[in-house]
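Have a look at the structure below, then the notes.
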Amino acid sequence: MDSIIERINQGKFWHFHGGIHPPEQKSITSGKPIKLLALPKQLILPLQQHIGFQGNLLVKVGDKVLKGQALTQQSNPMAVPVHAPTSGTITAIKKSVIAHPSGLSELCLFIDVDGKDTWKKREICQDFTKLNRQEIIKKIADAGIAGLGGAGFPTHIKVNTKPDVNFLIINAAECEPYITADDLLMREQSEAIVDGIKILDQLLTPAFILIGIEDNKPQAIKALQHATKHIEKIKVCILPTKYPSGGEKQLIKILTGTEVSSGTLPINSGIVVQNVATCFAISDAVINDIPLIRRVVTLTGNALSKPQNFWVLLGTKISFLLNQAGFVNEVNETASIRNIPQSLPPVIMGGPLMGFSILNEQVSTVKTSNCILAPSRVEMPSAFNHHSNEVECIRCGQCADVCPSQLLPQELQWSAKAKDHQQLTQLNLFDCIDCGACAYVCPSQIPLVQYYRVAKAEMRQQQQLDIKAEKAKTRFEARKLRLEQEKIARHAKHKKAAAARKATMNKKSADGGTAKSAIAAALARVKAKKAAENKSTGVPVTSSEKQNDNDLAEISPVKAAIARAKAKRLAKDKTVEAPVSTSEEIIQIQPVSNDETKRNEIDNKKARIAAAIAKAKAKKAQVNKPSIEQIEHSTETEQEQTNEKTQNITTAAEEKKVRIAAAVAKAKAKRKILDNAQQASTTNNEEST
Ligand code: SF4
Ligand code: SF4
């Protein structure tokens, strides 16, 4: 580590592989200060402006919002909230085209600006050194800070590192042509930037802090050297200009000589890199309680009459910015002169090498937007040419010579065209930093970076699908296992219950008797129900289906009461009926000639008794009929009268049956008496003979 610092003190640095020296074109905007813009009428804020996930919405359409108010909140660690850049009203939450090479639509918040620029209540931190580590990280996370250098990685995650940090590197290289946003910020806000660096120092406690800045920014270098002159730990490292020295791995290599190998992170080598604009945002968030709602954007290119750096509110439409910078629509002017249909002029978000064309000027700036380039036809003729000039690769190898990631761009291009994702992985496509150096030098004018971007997007999509499929498979297998376990448990339970039932049934115990009697009772109930149904529907009842009084009692409480009364009456009648008692007396006192005669006499008596009982039943039924009708008439509603009629029919049928039974019994009794008398006389005759 000391040898590194020694080299740095001597102004010696390492070199990274490849790189190019394109025309800088920074002078277009570097001579003018950062300008404040008037408030736009509308802001369009994409919910996701960084690497990770969008936060959960905190507002709805129609809500009034204040400047700095959080509009979303963290839903997971990789989510970064967005805030209202000024006061106004939420007029829509819908999908809109975003500033992205894909040109896809994402969920956006539309804010109608009220022009008052009213702040939310803020708490200024007088001394950030009194804040503990977690308080600082929370402030950074709540402020929605994502890396402003272009990648947009959530800052609160990057600064929340556990391993020892040897070097904190501040990326102030700003190596891409045309862009001067960081240069101007360093010149005008060097003190705030150094405050941000101090906050990071407090969090990460690195051994050294290295600010890497290219030698084409003399004023910024002076400002930083002045702001850090009393801080021994901080070294301002002036680097030779070479594109892309601002790449994270390239800057680490230049300053420390460390190669961050493929698939590893700088933190694995004890190094953390932060962009200079991110340091300013951290200072604003922790000290001034200002979330990330604005940034410096370079509006440059010869199609602008007033190119300059501007303080731009996030969500400001590109069309508004172009108007502010005096955009001359060269395409449409030419079209109107030539009387041909007008078309969109080329507008690039980002620099000429890493930027991408914007197809819709209604897209808005996001956290990672550092430059809007509107070139003239002379300046960048290729941007106006909608037809590709691409020809076959001649295998010159120039692309590989300039590649800072030491990749094989021509092979990557072939694999990307063939959609050979396996080969692209083997060729380390994801180590490509989209610097565009290969495409810049390609004599065949192959838009190499475009191929890589498309291939990366496809592979990421495929990875997402694979992850989803894997998750779905895991869920499916877990469910299948659970269902099988439940089935086994259910079967075991049923088996156990069946065994217990069987044991109970087989056991000659009181329990068994109860169970059996319960089954018998259930069967009897079913029989009674069936008999009642047959009666009501007029189906003739067979002798085996005839129910006793108790069965009838189950049909209804009234009938049960009637049946009970019947039984009582019968019992009474039995005791008072003369012929029965007389008969019993006869059975007891009459001398018996022999056994047969006795039996006949007993049978005769029984038949007479049965006939008398049947007669009494018939009489009683006749007597009870009006009272049942009265009860039913007084208690049942009009609807129930239909039921009453049915019941009456049933009762009448019962009575009829009883009368028939009585007549049958009477006839049987008579017949029995006659038979018995005949038999007796025959026996007597035989005896006398
Ligand atoms: S620079 Fe272009 S032509 Fe040359 S090898 Fe690379 S892709 Fe092919
Ligand atoms: S765009 Fe990728 S492949 Fe091309 S030079 Fe840059 S890092 Fe290498």
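The values are calculated or read from the model by the stated rules, or taken from the named source; none is laboratory data. Source: prediction; values computed, not measured. Virtual Cβ from ideal backbone geometry, glycine too; neighbours counted across all protein chains shown. Protein only, heavy atoms only, side chains kept; ligands, DNA and RNA dropped before computing areas. Shrake-Rupley method; radii C 1.70, N 1.55, O 1.52, S 1.80 Å.
Give me the tail of P(r) for region 94-220 as a percent: Cα-Cα pairs with distance above 26 Å. Before the final figure, lay out each step's value.
Details: 3198 of 8001 pairs.
Of all Cα-Cα distances in region 94-220, 40 percent exceed 26 Å.
A Förster radius of 30 Å, combined with the Cβ-Cβ distance separating residue 498 from residue 524, puts the computed FRET efficiency at roughly 0.75. When the Cα convex hull of region 384-519 is projected onto planes of every orientation, the mean area is 15.9 nm².
Label zone of residue 2 (point 7 Å out along Cα→Cβ, amide N under 11 Å): in region 253-285 this covers no residue at all. Residue 353 sits with roughly 20 Å² accessible to a 1.4 Å probe, with DNA, RNA and ligands left out of the calculation.
Calculate, for residue 491 and residue 425, the FRET efficiency according to 1/(1 + (r/R0)^6) with r their C-beta to C-beta distance and R0 35 Å; round to the nearest 0.05. So, using R0 = 35 Å, E works out to roughly 0.15. The separation of region 60-121 from region 484-502, counted between C-alpha centres, amounts to 58 Å. Taking a Cβ cut-off of under 12 Å around residue 411, the surrounding Lys, Arg, Asp and Glu residues balance to a net charge of +1, with basic ones at +1 and acidic ones at -1. Taking a straight Cα-Cα cut-off under 23 Å and skipping sequence neighbours fewer than 8 places away in the same chain, the lysines within cross-link reach of residue 495 are 480, 487, 507, 508, 516. Put the Cα centre of region 435-471 next to the Cα centre of region 215-255 and the gap is 31 Å. Could you give the nm distance between label points at residue 121 and residue 382, where each point is 7 Å from its Cα heading toward the beta carbon? Each label point lies 7 Å from its Cα, and together they span 5.6 nm. At full extension, residue 484 and residue 465 could sit 4.0 nm farther apart than now, given 0.36 nm per residue minus the alpha carbon distance.
The label point for residue 191 and the one for residue 132, both projected 7 Å from the Cα toward the Cβ, are 3.1 nm apart.
Out of all DSSP beta bridges in region 2-291, what portion is antiparallel? Express it as a percent rounded to 5. Could the numbers behind the result be given before it?
Working: 21 of 40 bridges.
Around 50 percent of the beta bridges assigned by DSSP in region 2-291 are antiparallel ones.
Ordered from largest to smallest accessible area (heavy atoms of protein chains, 1.4 Å probe), the residues 402, 526 come out as 526, 402.
Among residues other than residue 123 with Cβ under 11 Å from its Cβ, the summed charge is +3 (Lys and Arg +1, Asp and Glu -1). Per-residue packing, averaged as other Cβ atoms within 10 Å, sorts the ranges 225-237, 407-419, 17-29 into the order 407-419, 17-29, 225-237, beginning with the highest.
So if R0 is 56 Å, what FRET efficiency would residue 664 and residue 505 give, r being the distance between their Cβ atoms, rounded to the nearest 0.05? Efficiency for this residue pair is about 0.85. The listed residues 349, 78, 354 rank as 354, 78, 349 when sorted by accessible area, largest first, using a 1.4 Å probe. Would you tally the net charge around residue 483, using a Cβ to Cβ cut-off of less than 13 Å, leaving residue 483 out, and scoring K and R as +1, D and E as -1? Charge balance near residue 483 sits at +3.
Kindly report, to the nearest 10 Å², the accessible surface of residue 53 as traced by a 1.4 Å probe over protein heavy atoms only. For residue 53, the solvent-accessible surface is approximately 110 Å².
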